[in-house]
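Where a number appears in this text, it was derived from the coordinates with a stated rule and is not lab data. From a predicted model like this one, the values you see are computed outputs, not experimental measurements. So basically every Cβ, Gly included, is an ideal-geometry build from the backbone, and we count neighbours across all protein chains shown.
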């Protein structure tokens, strides 16, 4: 009945994940992600991972089956933007109570699905399992099946309770839900030789929209973005794409790999961050499409666009290169950004003193070495205290990281720029590189750092007794 | 008919009803002989141009929307800061009604103040009788410990001599001979409310220190270790003075606040009406002479007072409404130097906290352009804070700012790269500001309630900091001085910035792509 253990094993043994395949069998069975150390501060759970992976599907309703905490704390907390529907931003939860824990919450879940369909009529409802409802044995798969049949509407169980593991595992389990219940369930009205999927791009701060005009310009159609600014139907039709680009390899490699297996959609791993990477991605897209039979002139179109856009971006960065030259950057992020942003920063003349690889794959690490050389300072799992120490010793001029590390940087009197989901600027594409460089420049030259670094004037003269 | 006896519409709704809309339209069309709408629009657009701005700045006689008030307003502000003191304004009573309502609307508190109610005959024959009767009535009706006399223009134009009049009144038995009646001439046609504050503050010091207008021996100064603190005319006096007391308490200082109106403008609702509350005691006011130094938070509010105090042998220090970290640092360092006391750890922590808060939010303020108007010292304080935050105080305007003030602002702007494209405007009004906001737009304007017309006309969001604030309540209870005050000002600025971001992203299905819960 419970499909979770099987699913976990499947995800753990992901063949496209080189890191995982490199392990001895016994170790592999223990899971591809590090066991969490009890008592040590940790990131999000599997539920959170599944939710952030799927929630960018904008026209669907996302219903969290669990107590208020799970949806209450995660409601609309990422800037995954929509160009249309906003149903995904409404917080739906069964908000189960003590009685539900005793008697079971399945009926309540069923009613909640019904109410969503009555009131909102979304094209689909995603139902998320959580720790408590999983532990009391609520069978969300069965409820979704019954509800889907009754209301004639896709009701998709996302079986990724928090205790299953870390956030990254949840990303993959979310992907599995798409593979099992969504992808391939509808047919596009029109297919072209230029249709691609973009996988693992969440349109945070609208980054997809910085890239999409470039694709439009060379005549590439994004059949589905999984899942940034996606519509349910697009994802359902995505199996008809000719090629795919894998943006965040760590999160959704299973989708890309299985779609290749099932539907023969070739994919490559690329990045939209940095001038060189953006160009490389355009080239790869064109190459894969041509391989799949698209007319070869798309390559020329891509080259022409790359030439003009690169020149324009370089010209716009130039004024900053002098101001930023030699500035030392510490990069605390994960996955693809651990190397793709490196290239962008190097383009602006900055020096990377370290990059975190906690959430990076083996491929990611190889890329880092390739870009930064063997001396690359890779930080596997930096505790806030080590981070503080490094910053305090001023081995960096600025730290680029997510919101949770911001405050550590600040206490060490270190300039800091948000490059994770809570940021408000989009850094993708040629446009985004310029924005990133501008933001770094602004951050470094903000007068507040003088204030932060200066001691209180009286401390220079006296030591005040407490 | 829209109106009915059972459901009477008020002004918010009534004239939005179709009949009224139609009626008003017809009236305009048929009876108003109105200029064509296109012409109105053309002129409206023209007032936004550089050409209009040049004409506007060439204005010589007319002041439009002044950002200042009159001397007696400042006189009353200073006077209510002393123990059981009744401000008595010699002149027309209408003026006094204005001061009272002005303060009550800002502080949401009653403001007790009387006038000598001069009428036509007093204007012809002089106001002596009004002074005689007025002091007698005020003394017996309101039982003050002191009556602080100032003047309106009417008394000044006819040249009433307060010193002589008060003496005359005492001779006639209006008040006992030994009763304290300090006075100051405060004509509205000279200076502004900050001048009036200065005159009364000096008048009261002079009264106590220099022999009570010849009725007592002059005091002999016997220097002690205390310091005097003078806040100046300040819309945040309630919050600010309490904050200063807290800071001085933490430092363990022995001090006197001259003109402490923080209690009288914040009395509790507990069933008792306090016509007077708190304030500097008369004994303290007299003994303030012996202090080793006097500190003014607002140089341009206390020019004469400080000269007077300095003349009596005290060290005097003047600040310009310090707001922000660096300004508060300077203030505390000077206080520590003068008093020889250390700055306690508690304040060091508060400093660290506000620096932390600034850094947390700096990206949102960095590079934003602001227009500021208000009293000269407040403008200096706010401009300094904005520069500290990496913002650009693009237009700094004080209707009651002097040439010396303008030079000081210029020097401040020149001290920071963020002040590079910023300008200072002394003696200009809010209609000048309107032209500035059209021709050199900024992101936000900081000013008092009257700035809402600028906000409406130019679309520049208004951050309400200044005096008077009539249309938002209770901000005067929060300090803007000290590190805690910097925190408040920072939060007010940020609140507006975020409100604006939300406002620009909240139309459903149109702009709400970026309507985020985390900013």
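Structure notes:
- Crossing angle, helix B:237-251 versus chain B [Cα axis fit, 0-90 degrees, rounded to tens]: 60 degrees
- Spherically averaged projected area in nm², based on the convex hull that wraps the Cα atoms of chain B: 30.5 nm²
- Rg/Rh ratio calculated on Cα atoms of the stretch B:10-162 (Kirkwood radius): 1.19
- Translational diffusion of the stretch B:360-519, estimated by Stokes-Einstein from the Kirkwood radius over alpha carbon pairs at 20 °C in a medium of 1.002 mPa s, is 133 µm² per second.
- Neighbour-count order for B:422, B:113, fewest beta carbons within 10 angstrom listed first: B:113, B:422
- Ranking of B:394, A:93 by count of other Cβ atoms within 10 Å, fewest first: A:93, B:394
- Pairwise centroid distance, computed over Cα atoms, of the stretch A:262-284 with the stretch A:129-189, Å: 29 Å
- Three-way shape call for chain A based on the alpha-carbon gyration tensor, with the a/c threshold at 1.5: oblate
- Order of A:430, B:20 - criterion: other Cβ atoms within 10 Å of each residue's Cβ, fewest first: B:20, A:430
- Cα centroid separation - the stretch A:88-123 against the stretch A:428-457, whole Å: 45 Å
- Shielding by partners, peptide A:449-459 (average Cβ within 10 angstrom, other chains): 6
- DSSP beta bridge pairing in the protein assembly as shown, given as percent antiparallel to the nearest 5: 5 percent
- Cα gyration tensor shape for the protein assembly as shown, rounded if a/c is under 1.5, else prolate or oblate: prolate
- From the alpha carbon centroid of the stretch B:76-136 to that of the stretch B:426-473 is 31 Å.
- DSSP bridge orientation in chain A - percent antiparallel, rounded to nearest 5: 5 percent
- For peptide B:127-136, the mean count of partner chain Cβ atoms within 10 Å of a residue's Cβ comes to 0.
- Full-extension gain in nm, residue B:15 to residue B:504, via 0.36 nm per residue minus C-alpha separation: 173.2 nm
- Ranked packing of B:128-141, B:442-455, most packed first, by mean Cβ within 10 Å: B:442-455, B:128-141
- Take each residue of peptide A:86-99, count the partner chain Cβ atoms within 10 Å of its Cβ, and average: the result is 1.
- In chain B, the DSSP-assigned H stretches of four residues or longer account for a calculated mean residue ellipticity at 222 nm of -14500 deg cm²/dmol, using -39500 (n - 2.57) per stretch and the full residue count as denominator.
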